[in-house]
């Protein structure tokens, strides 16, 4: 038992290698920062969620020194937009929670298949499920679809233009031949189908259970459960769940302190932009530390979009839902590992 705990702990606290990420972090800040600043200037911060999630496209394939980032960011951006549209549709028709949870499960399953087939970096469906969950949890009307396409789509396009501009500076231009040569092929990882089904199931079970027990922002439990079933083996999956919860716990404390300052919208916007840059610096080094900042980022974007909401209730919901989802995800991860090991023992006999 102690050996298992030690392996989980090592996965939890290990830091990845240093990466040339300062330029990438600057690009991520610019990708979301300019659209958010424009929304503030025009009095449309209620659309901040769409700009924030559209800006996540800049997180993908940011270290490749060729034309591949454009293709990865384009596919990730299109997937994020589709996830936001699906979540908005569920909100517009006021779908039952079961239907909303099914929608999140579909996003988790489908996005992980796409991520595996196109070899996204970072991999997985977390950002798309986050985008869908946030959009289905806020009130929306038919006009919200135009806001998603206009604000979210423009932010994705802006992030692509930034990547293209950086490519032009680095290589002296990006030709059509280079773009065609860098077009991604479909090359899914082994077992990606089964892992995608597991992520969809985790999102569904955790979301429905959290709604039944806790209510509130139940989709955060789906996110935590998905994080807990990602990883190469049972130890890394459990570690992901632990990192998700501990990072969230630290993040809600930081967010509570930030909201207590009662900063004006422009100052909170600056904080959001800076945090996005730090998330980029840390996301591939230690998931738990990055999750602390992602929690502050998520709560701040929701607060910007709906400042009239109860900030204390928001941060407490985040902690409770994440802990609940992490427990379910860890249970599924451990259960899966047990089943796999038992099957291997039977096959070895």
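Tabulated data for the structure shown
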| read-out | value |
| --- | --- |
| Check on residue 151, within 24 Å of residue 299 (Cβ to Cβ) and over 15 Å from the mean Cα position of the chain (by Cα) | yes |
| Residue tally, condition closer than 19 Å to residue 15 by Cβ and outside any helix (DSSP H, G or I), over the range 262-294 | 4 |
| Residue in the range 114-127 that is farther than 16 Å from residue 223 by Cα, buried (at least 24 other Cβ atoms within 10 Å of the Cβ) and either in contact with a helix residue (DSSP H, G or I) (Cβ under 7 Å, 6 or more places away or on another chain) or without any contact (Cβ under 8 Å) to a residue 40 or more places away in the chain (or both) present | yes |
| Checking residue 82 against (1) at pLDDT 75 or above; (2) surrounded by 20 or more Cβ atoms within 10 Å (Cβ to Cβ); (3) more than 17 Å from residue 268 (Cα to Cα), the condition it does not meet | (2) |
| Contacts under 6 angstrom Cβ, first residue in the range 281-299 being touching a residue at least 12 places away in the same chain (Cβ under 8 Å), partner surrounded by fewer than 24 Cβ atoms within 10 Å (Cβ to Cβ) and assigned to a loop (DSSP other than H, G, I, E, B), 6 or more apart | 281/21; 284/16; 285/15; 285/16; 286/15; 290/283 |
| Total residues in the range 109-146, condition assigned to a loop (DSSP other than H, G, I, E, B) and under 11 Å from the mean Cα position of the chain (by Cα) | 4 |
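The values are calculated or read from the model by the stated rules, or taken from the named source; none is laboratory data. Note that the structure is predicted; figures quoted are calculated from it, not measured. A quick note on method: Cβ atoms are made from the backbone with ideal geometry, for glycine too, and the neighbour counts reach across all protein chains shown.
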